[in-house]
Amino acid sequence: MRHFLIVLFIIFSVSACSSRQDKCNTVNNCAAKVVDRIQQNLILEQDYYGKKAVVNLSLDNNSNLEYVEVVENNGGPSFEEAIIKAVSSTFPYEQLLILSESEYAEFMEIKLTITPMK
């Protein structure tokens, strides 16, 4: 039992450290973290490199994704699906709620250009 509690403590300690590093406190810092999260969620196939997609997305007041729309895409339907899945997996992102109301408003309507590079 004692060993189990120590393991849980280590797990909670590590996750607490991770969440502190994941916090965003400025618009630029949060934007970089959103991009990183999308990149981590984007599963790329070889054919996607060098392709381009432009995505419009909207967030609600709780950082939930209201809609995502690919408005430009030269990578085909599977590329579009991968992008929509990556963006959908990125939100909600509660760390954005740390921002002031006016700063958060900058994230409520986002236009992204996604161009995977090797």
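Here is how the numbers come out for the structure above:
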read-out	value
Criterion: at pLDDT below 90 and among the hydrophobic types (A, V, I, L, M, F, W, C) - qualifying residue of 7, 71, 34	7
Residue match in segment 44-59 (condition: of a type in the set (A, V, I, L, M, F, W, C), at pLDDT 90 or above and out of contact with any strand residue (DSSP E or B) (no Cβ under 7 Å at 6 or more places or on another chain))	no
Count of residues meeting criterion [in a helix (DSSP H, G or I) and either within 17 Å of residue 115 (Cβ to Cβ) or open to solvent by less than 60 Å² (accessible area, probe 1.4 Å) (or both)] in segment 41-80	8
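The values are calculated or read from the model by the stated rules, or taken from the named source; none is laboratory data. This is a predicted model, so every value here is computed, not measured. Quick reminder, even Gly has a Cβ in these numbers, built from the backbone with ideal geometry, and neighbours come from all protein chains shown. When the accessible area is computed, the model is the full protein with side chains, heavy atoms only, and any ligands, DNA or RNA have been set aside. Shrake-Rupley method; radii C 1.70, N 1.55, O 1.52, S 1.80 Å.
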